[in-house]
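For reference, the structure discussed in these notes is given below.
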Amino acid sequence: MASYQNVVVGTDGSESSFRAVDRAAAVAKDTGAKLYLVSAFRPVSERDRERAAAEIGSVAFRVEATDLADEALRGASDRAILAGATDVEKLALAGDPVDVLLDAISTTHADLLVVGNRGLNSLSGRILGSVPQSVAHKAACDVLIVHTTD
């Protein structure tokens with residue numbers, strides 16, 4: 001097995017994605033790799049922000065999409081450290097999950113991408129394509145698809 005130096009793992013804060021984080025952290029621990037935790041988010045449009053402010057007042061959108069991604073990354077970081085990863089960086093990036101993961105591979109010079117298999121067998125995954133399927137076809141590095149569903 002190749003010795004990995006930079007490992008990227010995608011997480012959305014779900015238990016399923018945290019299983020992929022656990023596996024990525026174990027690989028990072030075993031190989032001494034740097035682990036990049038990546039969470040994609042979609043920015044809130046000005047139109048949606050204005051609509052929410054009109055409906056619920058000034059507290060609307062104190063919580064931004066980036067806050068949700070940051071929360072997912074905090075949980076993932078805690079798990080990764082518990083699993084033995086020692087060099088962990090968190091990246092909350094705006095955009096589509098597939099594009100965000102592919103960009104993260106490029107910018108971090110990753111030699112391994114870890115994703116969960118969630119969505120591979122769903123109807124929408126078969127019709128529209130799933131994140132693991134899409135990144136596996138497009139990634140310029142090794143891809144580990146972790147079985148994360150029961």
Restricting attention to region 81-109, which residues are farther than 19 Å from Asp67 by Cα and part of a loop (DSSP other than H, G, I, E, B)?
Ala83, Gly84, Ala85, Thr86, Asp87, His109
Counting only residues that are modelled with pLDDT under 95, surrounded by fewer than 24 Cβ atoms within 10 Å (Cβ to Cβ) and touching a strand residue (DSSP E or B) at 6+ places or on another chain (Cβ under 8 Å), region 1-16 contains a total of 4
Here the residues within region 27-48 that are at pLDDT 95 or above and acidic (Asp, Glu) are Asp30
Given the criterion modelled with pLDDT of 95 or more and surrounded by 15 or more Cβ atoms within 10 Å (Cβ to Cβ), identify the matching residue among Arg74, Arg118, Arg79.
Arg79
Could you check how many residues of region 26-43 are crowded, with 22+ Cβ neighbours inside 10 Å and under 13 Å from the mean Cα position of the chain (by Cα)?
6
Residue by residue through region 133-150, note down the ones that are in a loop (DSSP other than H, G, I, E, B) and without any contact (Cβ under 8 Å) to a residue 12 or more places away in the chain.
Asp150
Scan region 54-71 for residues that are at pLDDT 60 or above and either under 21 Å from Ala20 (Cβ atoms) or of a type in the set (D, E, K, R) (or both) and jot them down.
Glu55, Asp67, Leu68, Ala69, Asp70, Glu71
Would you check if Ala85 is under 17 Å from Val135 (Cβ atoms) and at pLDDT 95 or above?
no
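The values are calculated or read from the model by the stated rules, or taken from the named source; none is laboratory data. None of the values given here were measured: they were computed from a predicted structure. For neighbour counting, all protein chains shown are included, and Cβ atoms are generated from backbone atoms with ideal geometry for every residue, glycine included.
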